[in-house]
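Right, one structure below, let's go through it.
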Amino acid sequence: MTDAAGSVDADLERALALVDEATIVADASSLILAASENPGGTELVAVRVLESIASRLGGRSRREPVAPDRPNLSIRFGPDPTEAMPGILMLGHSDVVPAGEGWAADPFNPRVADGWLTGRGAADMKGGIAAALQALAAVHTVRPELPLELLVTVDEEDLATGIEAHLAATDAASVYRACIVAEPTDLAVVIACRGAANLQVEVSGRAAHAGRPEDGASAITTAARIVDWIADDHARLRAGAAGLLGSATWNVGRIEGGHGTSIVPDRCTLLVDRRLMPGETGAEALGQLSAGIEGALRDDGCTAEASLLMEMPGFETDRAHPLVAAAVDALVAEGAPAPVEAWTAACEGGFIARHHGCPTIILGPGDITGQAHQPDERVRIADLHAAARAYVRLALHLHR
């Protein structure tokens, strides 16, 4: 028994010794240089960098075509998973949001200063991907018989076509011991995440001269009643908030309609965000919105129709699950506080949890609210190192 325990400890120490902070920073910097803005670009340049890093580390890369110049990338170390030896799946995405304005320097020229790595994607989530690759390679070196995989999808920041294409071509019976999403959680263990549905409402009216508005049918007036219903239903949902995730929410993110001040508007478009509770579907949210629209219509010539643009399911892993305890222990061993939390954002972990039925957590370096999607996005270098070491600890613990 002592020999077995000593062997486990020796494997851990050997693997941790292989995690090199400078290499993680260099790999993350290479990925930042590979600008992969979405929408408006292609992830292929970042995928090529990932393939180069994986080859150097001993991983096997396989592209999954999604759209022209937009492939998912699966990087595997060790054998394929089996029922006898389930795998560990780490999940990331190669796209970043557009850089936007307000940067102190070129957003795709990575900068290292005062313990921070700055550049678009540093936190969300090229830093996390670099840390995950380093960790999986280190574990593979000491335990080459373990099945380990990093899946890097395209289009996470927009319509989630990458993960949907992957799952459409993947057997749900594929066996994973756990899924760890390397999104930025500020080194918290996130065990619950709401999903998201993007919906569009098209309101059609009848144009007329504004001098005789009664001759027309105002699409904007009808849209305003729909917005009122959304606000009322949001308040209803929030009033019933409970548990770690609180409640589902509604938000109208964009309104566009009309032609000018002297024309009764014959059209109006609403773009609506609906956060989903675990187990809730985009189709259900669409049905609720459609019912609300029906109640908002009047016998005035206006019509309206809602459609579902994108769905990202939520998930919740039991706080008592061994995966959660192992993740907390791994972070504490690295000197991190390791709070167990829910996430305010959405991520693709819900797709994996729903499709494969495996326990899922989100754990990564960087702050999703304070650093990601902002000018001068940055990640603390010490957290990149701590995340990689925590992934090593976690992978080896799950495979004890």
Identify all residues within region 224-242 that are touching a residue at least 24 places away in the same chain (Cβ under 8 Å) and either surrounded by fewer than 12 Cβ atoms within 10 Å (Cβ to Cβ) or within 26 Å of Arg194 (Cβ to Cβ) (or both); write none if there are none. Ile226, Val227, Asp228, Trp229, Ile230, Asp233
Looking for whichever is over 16 Å from Ala196 (Cβ atoms) and in a loop (DSSP other than H, G, I, E, B) here; the options are Gly279, Gly301, Gly287, Gly295. Which one fits? Gly301
Kindly indicate whether any position in region 387-399 is among the aliphatic types (A, V, I, L, M), surrounded by fewer than 24 Cβ atoms within 10 Å (Cβ to Cβ) and under 21 Å from Gly115 (Cα atoms). no
Filter region 181-220 down to the residues that are touching a residue at least 40 places away in the same chain (Cβ under 8 Å) and part of a helix (DSSP H, G or I), then identify the one that is surrounded by the most Cβ atoms within 10 Å (Cβ to Cβ). Ala219
Being part of a loop (DSSP other than H, G, I, E, B) and either touching a Ser or Thr at 6+ places or on another chain (Cβ under 9 Å) or under 17 Å from Ala182 (Cα atoms) (or both): is that true of Thr82 here? no
Would you be able to tell me the number of residues in region 165-210 that are modelled with pLDDT of 95 or more, under 21 Å from Gly279 (Cα atoms) and of a type in the set (Asp, Glu)? 0
Here are Ala105, Ala99: which of them is in a loop (DSSP other than H, G, I, E, B), in contact with a Ser or Thr (Cβ under 9 Å, 6 or more places away or on another chain) and surrounded by fewer than 24 Cβ atoms within 10 Å (Cβ to Cβ)? Ala105
Take region 243-262 and flag every residue that is assigned to a strand (DSSP E or B), surrounded by fewer than 15 Cβ atoms within 10 Å (Cβ to Cβ) and not basic (Lys, Arg). Asn251, Gly253, Glu256
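The values are calculated or read from the model by the stated rules, or taken from the named source; none is laboratory data. Note that the structure is predicted; figures quoted are calculated from it, not measured. We place every Cβ from the backbone using ideal geometry, glycine too, and count neighbours over all the protein chains shown.
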